[in-house]
Amino acid sequence: METSSWIQLFLLVGFLLLLTRPMGSYLYKVLESKERTIFSPVLGGCERWLFKVLGPGSDKEQGWKQYGITLAFFSLVGMGLTYFILRLQHVLPLNPQHFPAMEPSLAFNTAASFASNTNWQNYAGESTLSHFSQMVGLTFQNFASAASGIAVAAALVRGIVRKSVRTIGNFWNDLIRITIHILLPLSFILTIFFLSQGVIQNFRADVKASCLERSSGQELVQYIPQGPVASQEAIKVLGTNGGGFFNANSAHPYENPTPLTNFVQMLAIFLIPCGLTRYLGLMTGNKKHGWAVWSAMAFLFLSSFSICWTAESKGNSRYQALSESSGGNMEGKEVRFGVFNSALYATVTTSASCGAVNAMHDSFTPLGGLMPMLNIQLGEVVFGGVGSGLYGMLVFVILAVFIAGLMVGRTPEYLGKKIEAADVKLCVFYVLVSAIVILAPTAWAAVSRWGMAGLNNHGPHGLSEILYAFSSAAGNNGSAFAGLSANTPAYNTILGLVMLAGRFLLIVPVLALAGNLAAKKVVPAGSGSFPVHGTTFIVLLVGTIIIVGLLTFFPALSLGPVVEHFLMTRSGILF
């Protein structure tokens, strides 16, 4: 690794360390204190108007069932509105390219994708969606799904902290406060920065440009897409959404024009997930616990990046033997970003449930592509999506505490709460659902005509493409091994259902767990209580995540990227 690459990695981790504390403190202020914030003079009127529209009960405390039903209702209505916008975009304004309506199965897939914070895209945005569809249909969901994820995380943390109560907050209050005081102002600031770096923001039709080359004496022309890109780009990374305005996503110079924007995008993807660990420490009155969770996430992130970067920097050994090349694997990568930034961005975007890409993951080496896939399959708890990363990690925290209790032969406790059979069952249900919604449809697709029809590659890499697709859908990531042509009615429908299951079937046990914990009494810590900070806790937590992940997915991974790696390095086959 070059010196500049080391510096960039240290800067990324260093900035995350520096920003975690103020971001977490601000999240705590917005979510719990209900005080005026620095943005209240500008956006406070909008907040008061929204509460007035919702009525006097909009800040009434809710139990976990009420909270979940409200969230489901809001998400379902938002998904329906997005679907109809996509189906009617040909008669709606801001369609200078005169794009037709989106096909029904693709519209369902897209609406489900953005409602679930997945942002899987079976289409090229610049040639399919109008400016109105991009700006209203999709960007609205980028805000709504991100705010919903943070709200669920806050509800679970409240359940951990509260004593002998049946309520975990109010969804409408959390949704509005998060959107008005966190996502909107931060997105505005980031949009201004992106504009300063050359990201476009307009409502123009495609620009016609004459090419220097001619074909049979005829002038060749190129149509350069335009649109409101900077505003969508900001919430795309801040909300760990990942859906690109262009098909090339953050490999496109209009979305990611400079090395600085590339660095800031990675920083923005991790900003809120990092802050939520500080929020956890403040809420529980145990700041060391928050930093322990942050440390576990950072360790897993750096380990994943190290493996991915090593594999990509070595490249295909057989190709290098033939070409005497030592530049690593540059297939599918932007020359301006190179191997290091491509591997780092891929690790960041799959550690969080973002899915934005600045390189084609399908072109990574087998082990290089395995790590982004495994990051998703681990539940994207390595910082993770906004909200979903924290509540997924807290599920593993409870499992780790339960295992520790079994090892010492006493009832496990987590921050003074007894972890009982019902709590463990909910955590196990969370893990099992996550595994089932990935592995079951992958197996179905691998033996079905509709599943095999979309493959451009067969053998282990073809299996990897299918496995990655359903891992990404269930993990609400949205990135892909793009060799799979998934824009078919079967894939659109099944992937859409998997996205919804991967989001909302996992929220149910999380909210139920929050309700269970909130109703419990706090037990004073004793000599046998397991401390949830320090090296021992971090090692146990990391071990629990890795063991559960590998036991669940290693058989499938061994038939895909692992076999492909050995075929690449130990056979006469040149990939």
>> Any residue in the range 6-24 that is among the aromatic types (Phe, Trp, Tyr) sitting within a Cβ distance under 8 Å of a residue that is at pLDDT 95 or above and assigned to a helix (DSSP H, G or I)? List the pairs, counting only those 6 or more apart or interchain.
In response: PHE15/LEU267
>> For the range 520-568, give me each residue that is hydroxyl-bearing (Ser, Thr, Tyr) and either in contact (Cβ under 8 Å) with a residue 60 or more places away in the chain or over 30 Å from VAL165 (Cβ atoms) (or both).
In response: SER529, THR535, THR536, THR544, THR552, SER558
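Counting just the residues of the range 1-25 that are among the hydroxyl-bearing types (Ser, Thr, Tyr) and within 20 Å of TRP291 (Cβ to Cβ), which one comes out surrounded by the fewest Cβ atoms within 10 Å (Cβ to Cβ)?
Filtering the range 1-25 for residues that are among the hydroxyl-bearing types (Ser, Thr, Tyr) and within 20 Å of TRP291 (Cβ to Cβ), the one surrounded by the fewest Cβ atoms within 10 Å (Cβ to Cβ) comes out as SER25.
For residues that are among the β-branched types (Val, Ile, Thr) and buried (at least 16 other Cβ atoms within 10 Å of the Cβ), tally how many sit in the range 26-62.
Restricting attention to the range 26-62, the residues satisfying the condition of being among the β-branched types (Val, Ile, Thr) are 30, 37-38, 42, 53.
With the extra rule that they be buried (at least 16 other Cβ atoms within 10 Å of the Cβ), the set shrinks to 30, 37.
Adding up the residues that qualify gives 2.
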> Among PHE566, PHE554, which is surrounded by fewer than 23 Cβ atoms within 10 Å (Cβ to Cβ), farther than 30 Å from LYS65 by Cβ and under 27 Å from the mean Cα position of the chain (by Cα)?
Replying inline: PHE554
>> Restricting to the range 197-236, count the residues that are in contact with a Cys (Cβ under 9 Å, 6 or more places away or on another chain) and over 30 Å from LEU271 (Cα atoms).
In response: 4
> Does the range 445-465 contain any residue that is part of a loop (DSSP other than H, G, I, E, B) and buried (at least 24 other Cβ atoms within 10 Å of the Cβ)?
Replying inline: no
>> Pull out all pairs, ordered by first then second residue, where Cβ-Cβ is under 7 Å, the residues are six or more apart or on different chains, the first lies in the range 93-117 and is more than 13 Å from THR82 (Cβ to Cβ), and the second is of a type in the set (Asp, Glu).
In response: GLN97/ASP206
> Only one residue in GLY389, GLY384, GLY379 is assigned to a helix (DSSP H, G or I), in contact (Cβ under 8 Å) with a residue 24 or more places away in the chain and either under 21 Å from ALA311 (Cα atoms) or not polar (S, T, N, Q) (or both), so which one is that?
Replying inline: GLY389
> On the given criteria, is MET360 more than 20 Å from LEU300 (Cβ to Cβ), out of contact with any Gly (no Cβ under 7 Å at 6 or more places or on another chain) and either surrounded by fewer than 24 Cβ atoms within 10 Å (Cβ to Cβ) or among the charged types (D, E, K, R) (or both)?
Replying inline: no
> So which pairs qualify, if the first residue must be in the range 489-500 and at positive phi, the second must be at pLDDT 95 or above and β-branched (Val, Ile, Thr), the Cβ gap must be under 7 Å, and the two must be at least 6 apart or on different chains?
Replying inline: none
>> Given the criteria under 17 Å from LEU557 (Cα atoms), without any contact (Cβ under 8 Å) to a residue 12 or more places away in the chain and not in a strand (DSSP E or B), does ALA480 qualify?
In response: no
> Restricting to the range 229-252, what's the tally of residues that are within 23 Å of GLY338 (Cα to Cα), surrounded by fewer than 24 Cβ atoms within 10 Å (Cβ to Cβ) and touching a helix residue (DSSP H, G or I) at 6+ places or on another chain (Cβ under 8 Å)?
Replying inline: 2
> How many residues are outside any strand (DSSP E or B) and either out of contact with any Pro (no Cβ under 9 Å at 6 or more places or on another chain) or closer than 16 Å to SER133 by Cβ (or both) if we restrict to the range 205-243?
Replying inline: 21
> Can you tell me which of VAL522, VAL562, VAL532 is outside any helix (DSSP H, G or I), touching a Leu at 6+ places or on another chain (Cβ under 9 Å), more than 25 Å from GLY389 (Cβ to Cβ) and among the β-branched types (Val, Ile, Thr)?
Replying inline: VAL522
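The values are calculated or read from the model by the stated rules, or taken from the named source; none is laboratory data. All figures in this text were calculated on a predicted structure; none of them were measured in a lab. Neighbour counts are summed over all protein chains in view; Cβ atoms, including those assigned to glycine, are modelled from backbone coordinates with ideal geometry.
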